[in-house]
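J.: Have a look at this one before I ask anything.
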Amino acid sequence: MSKLDIRIEPVMQSAPAALPDPLGFGRHFTARMFTQYYTTGKGWHDAVIGPYRPLALDPAAQVFHCGQMIFDGTKAYARPDGNLNLFRVEKNAERFNLSASRLAMPEVDIDEHLEAISELVKLEHGWVPKQEGAALYIRPVMIAVENTLEVRASRTFLHYIILSPVAPYFAGGFKPVSVFVSDGYVRTVRGGTGEAKTPGNYAGSLAGTEEAIAAGYQQVLWLDAVERRYVDEVGAMNIAFVYDGKTIRTPMLSGAILHGVTRDSLLKLAPDLGYPVTQDRIDIHELMRDVESGRITEAFGMGTGAVIAPVGSLGYRGRNYKFASGEPGPVARKLFKGLTDIQYGRVADPYGWTRMVEVAGAKPRRASARA
């Protein structure tokens, strides 16, 4: 029996007969959202799935002044049988609570959080896009809403979940991106909020990203904030490098690097596909020598939005280092297919990563070339 008593409110809007084209990423939202509140001494209360609508917040709400806010991101995928797959949502819920703890916010009950996601996705199943590479993005958020200018943890919070039908994160699809190594700006520092998904991390990355775009690059490779020497992340993703077409090397989690669910999944999947994995500190100077010598044959970002984003070139201190083919490498391709086949239910899930959301009246889709 569910522990979460969700009140379902009626909505006037239903899923459209056809979703917008192009979808873009995070530009369109479904008709419903989930909300609940937390009050010190009372806990979580007033869970509702109701119409998607603007939030009414006091100008003194602490989210605007102390920045207490976290979020996470996962997806619902259309299966060939017409039902939906959620992918490792319990790991996202654990990370949501890790972020909450770091920002002095209350944790959510993981089972209740997953129930809210499942119920909301089930109600909004008509918004799940069916085209290749598209999905229904799930964005849980928590913000501080107590009205005070005191610099302290809030006593009241709003937890909400919204849904967005999305195309692949990069408009160009599964194609290599150009990356600028920033040694002028940093993203986070060990002991800071790098492990948390909090908007301040992303706000702090924007100036460096704009610098990279002005230099003709699409993303930023961040270095550690202490020595400006060791690789952290790429854009808003974890990063990996392929040595000699075989071994995958990625920075170890340091306290400044996000606990990526896609990262964790790929590092578990890779050895089963024949690719050994190492996690260690990666010196940028050593890395560039290995790129230049050809030892590094591929590089790619790992994250929920893109799954895998192949890297085509690295720009560092006035030099541009290109990977041999300029196309996604064979390791990235194999990992991408291996993981997305599980996410979309095209193959059996040997890891127990997916949970199915049954859709009333689900009809199997015609098999595609990739099924």
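J.: From the helices alone, meaning DSSP H stretches of at least four residues, give me the mean residue ellipticity at 222 nm for the chain, per-run term -39500 (n - 2.57), in deg cm²/dmol to the nearest 500. Intermediate results must be reported in sequence, preceding the final value.
T.: On the way: 7 runs with 78 residues, N = 371.
Taking each H run of at least 4 residues, the total per residue is -6500 deg cm²/dmol.
J.: Out of every Cα-Cα pair in the range 177-343, what percent are more than 28 Å apart? Please list the in-between numbers first.
T.: Working: 2013 of 13861 pairs.
Every Cα pair in the range 177-343 considered, those over 28 Å come to 15 percent.
J.: For the range 266-332, state what percent of all Cα-Cα pairs lands in each successive 5 Å bin, counting from 0 Å until the bin that includes the largest distance.
T.: Calculated P(r), rounded to whole percents: 4, 14, 22, 26, 22, 10, 2, 0.
J.: I've got another one for you. Hey, could you get me the Stokes-Einstein D for the range 7-166, Kirkwood radius over alpha-carbon pairs, 37 °C and 0.692 mPa s, rounded to whole µm² s⁻¹?
T.: The diffusion coefficient I find is 199 µm²/s.
J.: Can you put PHE157, PHE180 in order of Cβ neighbours within 10 angstrom, beginning with the fewest?
T.: PHE180, PHE157
J.: If R₀ is 25 angstrom, what is the calculated FRET efficiency for the pair HIS28 and LYS337, using the beta carbon separation as r and rounding to 0.05?
T.: E between HIS28 and LYS337, to the nearest 0.05, is 0.35.
J.: Using r as the Cβ-Cβ distance of ASN147 and LEU4, and R0 as 41 Å, what FRET efficiency do you calculate, to the nearest 0.05?
T.: 0.90
J.: So what is the diffusion coefficient of the range 199-282 in µm² per second by Stokes-Einstein at 10 °C and 1.306 mPa s, using a Kirkwood Rh over Cα pairs?
T.: The Stokes-Einstein estimate is 114 µm²/s.
J.: Return one quarter of the surface area of the convex hull spanned by the alpha-carbon atoms of the range 104-148, equal to its mean projected area, in nm².
T.: Result: a mean projected hull area of 5.0 nm².
J.: Here is a further query. Note the per residue figure in Å³ for the convex hull of the C-alpha positions in the range 140-265.
T.: Values: hull volume 21.2 nm³, N = 126.
Taking the convex hull of the Cα positions in the range 140-265, it is 168 Å³ per residue.
J.: Show the residues, 5+ positions off or on another chain, whose built amide H is closer than 5 Å to the amide H of ALA47.
T.: ARG7
J.: Exactly which trypsin sites (Lys or Arg not before Pro) in the range 35-119 are in a DSSP loop and have at most 13 other Cβ atoms within 10 Å?
T.: LYS42
J.: Give the percent of DSSP beta bridges with both residues in the chain that are antiparallel, rounded to the nearest 5.
T.: So the antiparallel bridges in the chain amount to around 80 percent.
J.: Got a sec to turn the phi values of the range 217-223 into Karplus ³J(HN,Hα) couplings, 6.51 cos²θ - 1.76 cosθ + 1.60 with θ = phi - 60°, whole Hz, x for Gly and Pro?
T.: Values per residue, Gly and Pro as x: 10, 9, 9, 10, 9, 8, 9 Hz.
J.: Label-point separation (nm) for THR247 and SER293, each offset 7 Å from Cα along Cα-to-Cβ?
T.: Distance between the two pseudo-spin positions: 1.2 nm.
J.: Right, another one. How would the chain be classified by its alpha-carbon gyration tensor: rounded, prolate or oblate, with rounded meaning a/c under 1.5 and the a/b versus b/c comparison settling the rest?
T.: Oblate shape, in that a/c is at least 1.5 and b/c is the bigger or equal ratio.
J.: So, one more: In debye to the nearest 20, how big a dipole does the range 177-343 give about its Cα centre with +1 on each Lys and Arg Cβ and -1 on each Asp and Glu Cβ?
T.: Details: 18 positive and 19 negative charges, 32 e Å.
Magnitude of the dipole: close to 160 debye.
J.: In addition: Using alpha carbons only, how many degrees (0 to 90, rounded to 10) separate the axis of helix 330-343 from the longest principal axis of the chain?
T.: It works out to around 10 degrees.
J.: Need the full-extension length gain, LEU55 to ASP81, defined as separation in residues times 0.36 nm minus the C-alpha distance. One decimal, nm.
T.: Difference between extended and current length: 5.7 nm.
J.: Enumerate by residue number the trypsin sites (Lys or Arg not before Pro) in the range 284-371 meeting two conditions: DSSP loop (anything except H, G, I, E, B), and at most 11 other Cβ atoms within 10 Å of the site's Cβ.
T.: ARG317, ARG366, ARG370
J.: Of LYS3/LYS75; LYS130/LYS197; LYS42/LYS197; LYS246/LYS334; LYS91/LYS175, which ones are farther than 20 Å apart at the Cα?
T.: On the way: LYS3/LYS75 24 Å; LYS130/LYS197 28 Å; LYS42/LYS197 26 Å; LYS246/LYS334 12 Å; LYS91/LYS175 28 Å.
Too far apart for the 20 Å limit: LYS3/LYS75; LYS130/LYS197; LYS42/LYS197; LYS91/LYS175.
J.: Same structure again: Dipole magnitude of the chain about its Cα centre, charges +1 at Lys/Arg Cβ and -1 at Asp/Glu Cβ only, in debye to the nearest 20?
T.: 820
J.: Under a 5 Å amide H to amide H cut-off, with H placed in plane at 1.01 Å, what residues pair with VAL220 once short-range neighbours are removed?
T.: Amide H neighbours of VAL220, under 5 Å, 5+ apart: PHE180, GLY235.
J.: Right, something else. Any chance you could give the angle, 0 to 90 degrees and rounded to 10, that helix 284-293 forms with the longest Cα principal axis of the chain?
T.: Once rounded, the angle reads 60 degrees.
J.: In whole Hz, what ³J(HN,Hα) sequence does the range 45-53 give by Karplus (6.51, -1.76, 1.60; θ = phi - 60°), x for Gly and Pro?
T.: Once θ is set to phi - 60°, the couplings for the range 45-53 become 7, 6, 7, 9, 10, x, x, 5, 7 Hz.
Only the coordinates and a few stated rules stand behind these numbers; no lab work does. In this text the structure is predicted, and so the values were computed from the model without any measurement. Using ideal geometry, Cβ is built from the backbone for each residue, glycine included, and neighbour counts are taken over all protein chains shown.
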